[in-house]
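Each remark here refers to the structure printed beneath this line.
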Amino acid sequence: MMEVKLVVASGSHQGQVIEVKREIFEIGKSPRCQLNPGGPGIGRHHCAIFRKEGFAAVKPLDPVEKTILNGTAITKPMKLRNGDKLQVGSMTFEIQLTVGVSGQKLSKVQSVTEAAARIVEKKQIEKKKSKAAGATDDDSDLDIFAIFGEEAPDEEDQLVSIMKRNRDQAAEASEEKKDVEEDAMAREKRLQESTRNAAGDAIKAMLSQTRKGG
């Protein structure tokens, strides 16, 4: 799992590190939020940081108060990168992203069946984590899979990609087989022509010798 930390970049709390331990981490004035920064310009549910295997993103939630990423106000989920600057109200955070031991990538998926099995297992784990973290039906609009859009492949994309790869590999293998067969046929044709030429030369030599003898 991607580990995300917010480092306060300015003010009296400069250098303070805030660990984003939940997969859905809200920032705002509401008591339900995991981080409640003070000062003006902050909505009750201002923005949310999402974590997913190998990815992290921020999603603005307040339609009035601005969520600013690297100096630009954002209106849709944006993928986070190490060193990004996130401004919420008067507070600015530097994003630190690392991959922990538990977040090491799995081996490459080799089949559709394996991918499907991993998806089911992953969803079960995430569901248990969400319940343990106190997630409710109110969190449904903060679905971690929904926010990434084209920023990260979803499970269906992964399955489609694997099936496409398998089709491409099969087509490539078929093409290679066709090329091998065509090469074999060409060699056979050349061999036959060579044999016919050799036989023709032998017959010509015999006829020439017969004429000389006559």
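Compute the accessible area per residue over the range 14-81, keeping the other protein chains in place, probe 1.4 Å, unit Å².
On the way: 3490 Å² over 68 residues.
Each residue of the range 14-81 exposes 51 Å² on average to a 1.4 Å probe.
Order Arg81, Arg22, Arg51, Arg211, most accessible first, counting only protein heavy atoms with a 1.4 angstrom probe. Could the numbers behind the result be given before it?
Working: Arg81 135, Arg22 65, Arg51 25, Arg211 170 Å².
Per-residue accessible area, sorted high to low, gives Arg211, Arg81, Arg22, Arg51.
Provide, as a two-decimal number, the C-alpha radius of gyration of the range 1-97 over 2.2 N^0.38 Å, N being how many residues it has.
0.96
The values are calculated or read from the model by the stated rules, or taken from the named source; none is laboratory data. For clarity, every value in this text was computed on a predicted model and none was experimentally measured. Surface areas here come from the heavy atoms of the whole protein model, side chains and all, with no ligands, DNA or RNA. Shrake-Rupley method; radii C 1.70, N 1.55, O 1.52, S 1.80 Å.
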